[in-house]
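**Q** One structure follows; several queries about it will come next.
The values are calculated or read from the model by the stated rules, or taken from the named source; none is laboratory data. On a predicted model such as this, the values are computed, not experimentally measured, just so you know. Note: ideal-geometry Cβ built from the backbone for every residue, glycine included; neighbour counts use all protein chains shown. These accessible areas exclude ligands, DNA and RNA; they are computed on the full protein's heavy atoms, side chains included. Shrake-Rupley method; radii C 1.70, N 1.55, O 1.52, S 1.80 Å.
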Amino acid sequence: MSRFSDKAVRERNESAWLVPTGQQRTNWELRRQMRRYDHDDEVDLVIVGCGAGGATLAQRMARAGFSVVALDAGPWWDPDADWVSDEAGSNKLYWTEPRVISGDDPVAMGSNNSGRGVGGSMVHFAGYVPRLHPSDFETMTRDGVGADWPIGYQDLKPYYEQIEEELPAAGEHWPWGDPHGYPHNAHPLGPNGEIFRRGATKLGLRAKVGPVAIPNGRFGHRNHCIYRGFCLQGCKVNAKASPLITHIPDALAHGAEIRPGCMVYEVVVSAGRAKGVRYFHEGAGYFQRARMVAVAGYSIETPRLLLLSASSAFRDGLCNDYGQVGRYVMVQGAPQTAGRFSEEIRMYKAPPPEVTCEEFYETDLSKDYKRGFAIQNVSPLPVTYSEHVTAQGHWGEVMREYMRDYVHWAVLGSLCELLPQQRNGVTLADDKDAHGLAVANFSHSECANDKLLQKAAQSVMEDILRAAGAEEVITVKRYAHLVGGCRMAASPEQGVVDADLRTFAVPNLFVTDGSVLPTQGSANPALTIMALAARCADYLRSTSRSGLLAP
Amino acid sequence: MSRRLPYPEGTTPGGKGRFEGYEVLGQRRYWDEQTRKLVMDRLENTPELKFFGLAEAETAGALLDVILGQHEEPRVPVLAMVDARLHAGQTDGWRHEAMPEDAVAWRESLLFLDDDAEQSFGRRFHACSLEERGQVVQGVQDAEGAWYSLPAKHVWSLWSRYACSAFYSHPLAWNEIGFGGPAYPRGYKVLRPGWREPWEVAEQRAGDPVPWATRVERAKRSHAVRTGTEADNR
């Protein structure tokens, strides 16, 4: 029995009731009847990107009666026709336009952290939706590292609660950070999650089931999870949340226009105000006029777009007078450890998001590092799991022997809070993409604290797996998620946007995606990005009507 | 859907595997049409080479088989799969600053591989014996810093990513490792460690009942012989 009222959710966001019942996953009628705007219409808001940040903002603003056009570079997915239950066949879900990676510790892009199309990265995210802890908003004050946000946890908390209801999130009562419950009860455990809980229990560590953005029980017309394990390939079931089904349907029903296949290459600013955006669609160039512009292209493409939008008034890139655009991009250190069990585990069953342990999240003064990490189970399918094996240096017959043993292995992953560093970030490379636009170069290097954290996380994962009975453990070093690059700050010298996500440089230009995070905690970022966008929408709704943003 | 498979049920690459008789495609009637079409196409239609030239294909084919330990029939057609991917320009979505685009890096690294083989054994890579090929490839994996004009570790990563993502996306390899394969609209209902769906096949290899540790040691010894690193492993 749900402790939360579906009625209240539906009054705020009807998306779950707008996805169809029956044999189709897409509400074609809603798409056909979509309101369409002319390029010459000065819409209230044009949004660049239809992922976690852009789609949430579009839904909130459309519902409040604003005219909204949301552009996305990728396609508008139909889960039935476009997605497959297959790893190699899911490449189109990832942003695979050319990008350059550099630095001492370069970060793989594509399937690892970059989505494409309406729904954004959440189409292929694992589904974990934890909140940040209150400490994440003031790591500089508390721990002398990272940065303080211009807002606190309490400012975001109501929006965390709203979005958890709208996804909805399922999980056990959460004892960490600001303790809270979830609207849906935890899902049953799969074999990999069972191993995690077994090991944690032996060690006396608390591990909780969830929080995952998959309804457990009736929620609108969303289908129940069938525990098929292909969360990262796009949920054909319409069980796992992504904005494609959690916010876009309601946005459409309230008059928003979604324009897929539109690659925005310039935010046009004149006399200090944004006038709209220029974009390519099927080879032709267009200009969409707008009264306000929100950029939500995530931590690589948002800085890239601002840098590409340089003009005589903004020679070093739009909003970049203080050199803040593209800086402080963060990824979480995400080593994964696999353990070998004599019994068959078959970790490919059940959703990969299941169990989380946040016992090591906060700074522990007895350690030689600051901040911490979370541990979650992950369940790589064969192609992805082969990277675990080859990372050990195995190839040829040894690699095959390890892979032949696939059903015996369980995998844990960690999310380590790597610290924000000015040097880590996005610049424009000399390479050009198919449109002739300079591609992004993302440089990333770890600091000493980063290395210590990841070592500690690996050792805890090994302990948990061994406690559960593993006879051998292997670890692969990797990174997960992206945030930062246009961080929010108290002043323009320290960041790109203010506490309400408005750029310091252009009063009617906003950034509403993961790039605004000043620190990242050890939480998967999707929920925080959506909550920030929902909060920004409240700000826009309250101020626009009073004339603050009127031309 | 009722079409016969182009091989006997339960076939694995090189006849290796521990799930005797397991045929992942036995479930294909419970898959969605899009996925079934994609996987069956992968199985039934080996694309013609369009990216690699003749000499490149010889070297690349030999390299991929060495990395994957694919020395016996039936084989997963990884060369054709990698070629199709490079022809379509389907990258992973990034390149290292010190590396050219994937397609260029593939062509260059194949030339370097032949150079290494010529220097060590006086013939091109694909003309070398299995042991010689193993030694050349091991040399690239062991190289510190640059290998010719490319960073060795990035070359290794490029090769192994393309090789493994082709091999382990093929149903013959799924048979070998006991993977359940596509699972939509049919999901899973038996989620406990040590338990199986009725159609999943238990690990069973009558002729090879040795424990995991012994099996992996045996593979490592055989690998050491193949790559000339035997002494180091003792």
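**Q** What number of residues within the stretch B:176-229 are of a type in the set (Gly, Ala, Ser) and within 23 Å of the chain's Cα centre (by Cα)?
**A** Within the stretch B:176-229, residues that are of a type in the set (Gly, Ala, Ser) and within 23 Å of the chain's Cα centre (by Cα) number 9.
**Q** So A:Thr475 clears everything in (1) open to solvent by less than 20 Å² (accessible area, probe 1.4 Å); (2) of a type in the set (S, T, N, Q); (3) under 28 Å from A:Ile195 (Cβ atoms) except one condition, right? Which one?
**A** Going through (1) open to solvent by less than 20 Å² (accessible area, probe 1.4 Å); (2) of a type in the set (S, T, N, Q); (3) under 28 Å from A:Ile195 (Cβ atoms) one by one, A:Thr475 breaks only (1).
**Q** Which residues, taken from the stretch B:137-153, are assigned to a helix (DSSP H, G or I) and within 12 Å of chain A (Cβ to nearest Cβ)?
**A** Scanning the stretch B:137-153 gives B:Val137, B:Gln138, B:Val140, B:Gln141, B:Asp142, B:Lys153.
**Q** May I ask you to list the residues in the stretch A:488-516 that are of a type in the set (A, V, I, L, M, F, W, C), part of a loop (DSSP other than H, G, I, E, B) and touching a helix residue (DSSP H, G or I) at 6+ places or on another chain (Cβ under 7 Å)?
**A** A:Leu501 - this is the single residue of the stretch A:488-516 that is of a type in the set (A, V, I, L, M, F, W, C), part of a loop (DSSP other than H, G, I, E, B) and touching a helix residue (DSSP H, G or I) at 6+ places or on another chain (Cβ under 7 Å).
**Q** Residue under question is B:Ala105, and the condition is that it be of a type outside the set (Lys, Arg), open to solvent by less than 50 Å² (accessible area, probe 1.4 Å) and without any contact (Cβ under 8 Å) to a residue 24 or more places away in the chain; does it hold?
**A** no
**Q** For the stretch A:394-410, state whether one or more residues are small (Gly, Ala, Ser) and within 25 Å of the chain's Cα centre (by Cα).
**A** There is at least one residue in the stretch A:394-410 that is small (Gly, Ala, Ser) and within 25 Å of the chain's Cα centre (by Cα).
**Q** Which of the residues spanning the stretch B:154-208 are in a loop (DSSP other than H, G, I, E, B) and aliphatic (A, V, I, L, M)?
**A** B:Ala183, B:Val190, B:Leu191, B:Val201, B:Ala202, B:Ala206
**Q** Would you mention how many residues in the stretch A:414-428 are surrounded by fewer than 18 Cβ atoms within 10 Å (Cβ to Cβ) and assigned to a strand (DSSP E or B)?
**A** 0
**Q** Taking the criterion of being within 30 Å of B:Gly187 (Cα to Cα) and either free of Cβ contacts under 8 Å to residues at least 60 places away in the same chain or open to solvent by 30 Å² or more (accessible area, probe 1.4 Å) (or both), would at least one residue in the stretch A:359-379 satisfy it?
**A** Looking for residues that are within 30 Å of B:Gly187 (Cα to Cα) and either free of Cβ contacts under 8 Å to residues at least 60 places away in the same chain or open to solvent by 30 Å² or more (accessible area, probe 1.4 Å) (or both), one finds at least one in the stretch A:359-379, hence yes.
**Q** What are the residues in the stretch B:7-45 that are open to solvent by less than 80 Å² (accessible area, probe 1.4 Å) and assigned to a loop (DSSP other than H, G, I, E, B), if any?
**A** Residues satisfying the conditions are B:Tyr7, B:Gly10, B:Thr11, B:Thr12, B:Lys16, B:Gly17, B:Arg18, B:Gly21, B:Tyr22, B:Glu23, B:Asp32.
**Q** Taking interchain pairs and intrachain pairs at least six residues apart, which have beta carbon atoms under 6 angstrom, with the first residue in the stretch A:399-413 and surrounded by fewer than 24 Cβ atoms within 10 Å (Cβ to Cβ) and the second of a type in the set (Gly, Ala, Ser) and at pLDDT 95 or above?
**A** Close Cβ pairs satisfying both conditions: A:Val407/B:Gly178.
**Q** Spot the failing condition for A:Val264; the list is (1) in a loop (DSSP other than H, G, I, E, B); (2) more than 14 Å from chain B (Cβ to nearest Cβ), and only one is missed.
**A** Failing condition for A:Val264: (1).
**Q** For the stretch A:194-218, which residues satisfy the criterion of being part of a loop (DSSP other than H, G, I, E, B) and either over 24 Å from the mean Cα position of the chain (by Cα) or at pLDDT below 95 (or both)? Steps first, answer last, please.
**A** Just the residues of the stretch A:194-218 that are part of a loop (DSSP other than H, G, I, E, B), to begin with: A:204-207, A:210-211, A:213-218.
Within the stretch A:194-218, A:Gly204, A:Leu205, A:Arg206, A:Gly210, A:Gly217, A:Arg218 meet the criteria.
**Q** Shifting gears a bit: Name the single residue that is modelled with the highest pLDDT among those in the stretch A:534-549 being open to solvent by 50 Å² or more (accessible area, probe 1.4 Å) and of a type in the set (Gly, Ala, Ser).
**A** Result: A:Ser542.
Residue by residue, here is whether (1) away from every other protein chain (no Cβ under 12 Å); (2) within 30 Å of A:Ala499 (Cβ to Cβ); (3) surrounded by 22 or more Cβ atoms within 10 Å (Cβ to Cβ) holds:
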| position | (1), (2), (3) |
| --- | --- |
| A:Thr96 | no, no, no |
| A:Ser114 | no, yes, yes |
| A:Glu138 | yes, yes, no |
| A:Asp155 | yes, yes, no |
| A:Pro158 | yes, yes, no |
| A:Ile163 | yes, yes, yes |
| A:Lys202 | yes, no, no |
